[in-house]
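Report on the structure given below.
The values are calculated or read from the model by the stated rules, or taken from the named source; none is laboratory data. Predicted model only: the values in this text are computed from it and were never measured. A quick note on method: Cβ atoms are made from the backbone with ideal geometry, for glycine too, and the neighbour counts reach across all protein chains shown.
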Amino acid sequence: MLFDSFSLPVLLWAVLPPLVVLTYYYLPLQSALAPAKLLLIFCFGGLSGLAALGIARGIELLAQMIFPGEGTLHFLGEVLRQLLQVAPLEEGSKFIAVLLVLGYLGRRNWLIPIQQNTVLLATIAIALGFAAEENFVYLFHHTGTVFSRVVGTPSHAFFSAAWGYALGMPIYRWSGTYKREWRSHLLTAWVGAVFYHALVNSLAIAWHFPVWAWLVYGQFPLILWLFWRTDRFWRQVQGQRPPSLISAATPLQRARQRGLALLILGLGGNALFFWFLLGNRLNVRVGRPAPLPLEQGVQVRLALLGGVQGAIAAGIYAYLRSQANHRRRFKP
């Protein structure tokens, strides 16, 4: 059985972090959905996660029947599994859940008027409900630490935000030409979500393969960029101007600013990675004797490396934002 006994602390650690993230996105749009309705959509996302888990188990059993005695996949095999099985299954489950919510509940005046910001909010709620179910499975079976699951919780929302944004686009225009363009854009956004989902998962598991372990340094810069992209979508559906970092007038200056933006992602992402390692070390040591001086030194170095790189990334970001604000303010 998947769950032999119920654990309330595990359930709370699995559900509360996604609810905190959902609250972050809900507060600017309190009029879009009532809290009770949003919570029900969140729970529906958890059901979609259970459905995806059941299908995944069925696929694994079928594969064991067809290929008995196969050992653990090598890294490239795991990448293909993520790209062809895990990511399409999970993104497909979330997509179907969002369509059911918008279709079934929309006809009962729950989501009337349906606006683009409401569609994106419902997509994020489904994705975070899916993440809550996934957190519970990992924590219940002790295959992930609390800290690692808390850090990974928003990723499902970041993956799905692009197709959630695209799904709400035809609310305002329904011409035949626009429908075709919308379908193409929606398909592109969904395929992109599958790709980034598989890529993040592949970078995360690279740690277990010594030859490919260096790829793990790309995981958090990519997640940081996905958060950046989701924030732009969120601001756009609220009618706000997304923050701009590239504001120079000449191609050479714009190329320099793009280089600085990539540096922000690299430094900021690796700062998050060092803090992630530190958090995992502290998480593992809960309830154990005090760490040895050598372990304390490692923790201090991780904290300093993360703090220094994070501060540099924040300084570069503030510089680019000030340049953009200055140019907009004095633009003739």
Practice task
Report yes if Gly269 is in contact with a helix residue (DSSP H, G or I) (Cβ under 7 Å, 6 or more places away or on another chain) and in the same structural domain as Gln309 (by TED's automatic domain parsing), otherwise no.
Solution key: yes
Problem - Filter pass, Phe6 being at pLDDT below 90, out of contact with any helix residue (DSSP H, G or I) (no Cβ under 8 Å at 6 or more places or on another chain) and either not assigned by TED's automatic domain parsing to the domain that holds Asn135 or not hydrophobic (A, V, I, L, M, F, W, C) (or both) - result: yes
Fill in the blank from the handout: For segment 90-136, the count of residues that are surrounded by fewer than 17 Cβ atoms within 10 Å (Cβ to Cβ), among the hydrophobic types (A, V, I, L, M, F, W, C) and either assigned to a helix (DSSP H, G or I) or modelled with pLDDT of 95 or more (or both) equals 3
Practice task
Answer yes or no as to whether Val86 is at pLDDT 85 or above, closer than 17 Å to Phe44 by Cβ and assigned to a helix (DSSP H, G or I).
Solution key: no
Exercise for the section: Determine whether segment 245-257 contains at least one residue that is at pLDDT 90 or above, touching a Leu at 6+ places or on another chain (Cβ under 7 Å), surrounded by 17 or more Cβ atoms within 10 Å (Cβ to Cβ) and within 23 Å of Ile316 (Cβ to Cβ). Expected result: yes
Practice task
Quickly run through segment 234-266 and pick out the residues that are polar (S, T, N, Q) and in a helix (DSSP H, G or I).
Solution key: Gln236, Gln253, Gln257
Completion exercise
Note: among His156, His142, just one is under 30 Å from Pro9 (Cβ atoms), at pLDDT below 85 and not charged (D, E, K, R), namely His142
